[in-house]
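Engineer: Would you mind keeping the following structure in view while I ask a few things?
The values are calculated or read from the model by the stated rules, or taken from the named source; none is laboratory data. Values in this document were obtained by computation on a predicted structure and should not be read as measured data. All Cβ positions, even for glycine, are placed from backbone atoms using ideal geometry, and neighbour counts span all protein chains on display. Ligands, DNA and RNA are excluded from the accessible area calculation, which covers all protein heavy atoms including side chains. Shrake-Rupley method; radii C 1.70, N 1.55, O 1.52, S 1.80 Å.
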Amino acid sequence: IENMSRMTKVALYRQRAQLEEHYSTAIDAATEVGDKEQVRKLRDAERKDLKAFDEAAEEAKPDPKDVAKAKESVNAALPKDVQEDISEWLAVNKWYHTDEDMQAIANRQDGKLSRDRPELSTSERLEEVRKYIVKKFPKEFPEEAGDDEEGDDEKPSRGSRVEGGSRMAGGGSGSRFSKLPADAKSQADKFIKDEGLFLEKGEDPVKDLAKARERYAAQYYGEDK
């Protein structure tokens, strides 16, 4: 959810850049033929449109309640066995809803494991997240903190199941896009095909779709500026 929200902001930045480029091209054309009045009108229109865009972007910031609803919607779209794994985990790990710091760190670790260990099943991944939180906040889990001394934070100790990878769209493909969650892939294609985002100048949304998808994935995972 956090990554999806961030990518929406990235898309807004790109849309604004497209708007600026549109006006820049029109102003250059008017300047070239010496149409000063048209240049003035275009500059005024650009200021108004950019102001309106910025105001709309500010209003588009998600409300925490809307984010919560979005999470529920995403969970509802998951396979039933995955929903059950998540529900069981949340029922046991009540700290997730009561401690914002632990929740944020758990989300980041879950995202990292989803990216780096796609072969893990949902229950296995969530168990690794729980272990990670126990190590990070030993004072909050005195009964467990001393039970798992071996290994480091970045090396999950449980085994993995191949079928876990099938729940992650893309499976074992080497591309970053193939490892994205299904909802992120849908968002990427909408941005690329419908709005022409993540395409370089002169690229076609059909012929260069793969390139644009990889750019989206790189920013989704924070690997690109």
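Engineer: Modelling each spin label as a point 7 Å along the Cα-to-Cβ direction, I'd like the Glu140/Asp81 distance in nm, to one decimal.
Structural biologist: Inter-label distance under the simple model: 3.0 nm.
Engineer: R0 = 41 Å: FRET efficiency of Tyr23 with Ala104, Cβ-based, nearest 0.05?
Structural biologist: That gives a FRET efficiency of 0.55.
Engineer: Which value in nm describes the separation of the simple spin-label points at Lys41 and Glu195, placed 7 Å from the Cα toward the beta carbon?
Structural biologist: 2.9
Engineer: Leaving ligands and nucleic acids out of the surface, order Thr98, Thr8, Thr25 by accessible area at 1.4 Å, largest first.
Structural biologist: Largest accessible area first, the residues go Thr98, Thr25, Thr8.
Engineer: Between Lys94 and Glu58, what length comes free when the chain is fully extended (0.36 nm per residue of separation minus the Cα-Cα distance, one decimal in nm)?
Structural biologist: Roughly 9.6 nm would be gained on extension.
Engineer: I would also like to ask the following. Semi-axes of the range 1-54's equivalent ellipsoid from the Cα gyration tensor, sqrt of 5 times each eigenvalue, largest first, rounded to whole Å?
Structural biologist: After diagonalising the Cα gyration tensor, the semi-axes are 31, 11, 4 Å.
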